[in-house]
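Peer 1: Submitted below is the structure of interest, expressed as structure tokens.
None of the figures in this text is laboratory data; all of them are computed from the coordinates on show. On a predicted model such as this, the values are computed, not experimentally measured, just so you know. Don't worry about glycine lacking a Cβ; one is built from the backbone with ideal geometry, like all the others, and counts go over all protein chains shown.
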Amino acid sequence: MRVTLNGEPHVLDPGASLADAVARLGVDGGERGVAAAVDAEVVPRERWERTELADGMRVEVLRAAAGG
């Protein structure tokens, strides 16, 4: 299936979860300050494994940055 991860097209296996997509980007899902959204809706971390993606979905993974 084709999804968009952080603005770039990717092909994932059918039935892939949001956690799979986060890992595909090389992001440690257990890291503090990481957030993920599917089709512009933030998904709580505890639901990442259960959130199944479908063809055409847009996933954004963000890391909080400190500084000034």
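Peer 1: Residues in segment 15-37, backbone N under 19 Å from the label point at ARG47 (7 Å along the Cα-to-beta-carbon vector): list them, ranges by number please.
Peer 2: Answer for segment 15-37: 15-23, 29-30, 33-37.
Peer 1: Against the empirical 2.2 N^0.38 Å scaling, what ratio does the C-alpha Rg of the chain come to?
Peer 2: That works out to 1.06 for the chain.
Peer 1: Suppose we keep just the DSSP beta bridges with both residues in the chain; what percent of those would be antiparallel, to 5?
Peer 2: Working: 12 of 14 bridges.
Given both bridge residues lie in the chain, the antiparallel proportion sits at roughly 85 percent.
Peer 1: Further question on the same structure: Which whole-number percentage describes the relative contact order of the chain, with Cα contacts under 8 Å and a sequence gap of 6 or more? Please list the in-between numbers first.
Peer 2: On the way: 109 pairs, mean separation 29.7, N = 68.
Averaging sequence separation for qualifying contacts and normalising by length gives 44 percent for the chain.
Peer 1: Can you tell me which of ALA16, ALA40, ALA54 moves the most in a GNM of the chain? Springs connect C-alpha atoms under 10 Å apart.
Peer 2: ALA40
Peer 1: If you add up the charges near PRO14, with Lys and Arg at +1 and Asp and Glu at -1, over every other residue whose beta carbon is less than 13 angstrom from its beta carbon, what do you get? All intermediate terms of the calculation are to be shown ahead of the outcome.
Peer 2: Working: positive: ARG2; negative: ASP13, ASP20, GLU52, ASP55.
Charge balance in the 13 Å sphere: -3.
Peer 1: Starting with the highest mean, order 28-34, 55-61 by the number of other Cβ atoms within 10 Å, averaged over the residues of each peptide.
Peer 2: Values: 28-34: 11.0, 55-61: 16.0.
Sorting 28-34, 55-61 by mean packing, highest first, produces 55-61, 28-34.
Peer 1: Taking amide H positions as placed in the peptide plane 1.01 Å from N, state which residues far from THR51 in sequence (5 or more) or on other chains have amide H under 5 Å from it.
Peer 2: LEU18, ALA19
Peer 1: What 222 nm value per residue comes from the helices of the chain, counting each DSSP H run with n ≥ 4 as -39,500 (n - 2.57) and dividing by all residues, nearest 500 deg cm²/dmol? Write out the running numbers ahead of the final one.
Peer 2: Details: 1 runs with 7 residues, N = 68.
That comes out to -2500 deg cm²/dmol.
Peer 1: Report, by chain and number, residues whose modeled amide H sits under 5 Å from the one on MET57, excluding near sequence neighbours (fewer than 5 apart, same chain).
Peer 2: Under 5 Å from the amide H of MET57 lie the amide H atoms of THR4, each far enough along the sequence or on another chain.
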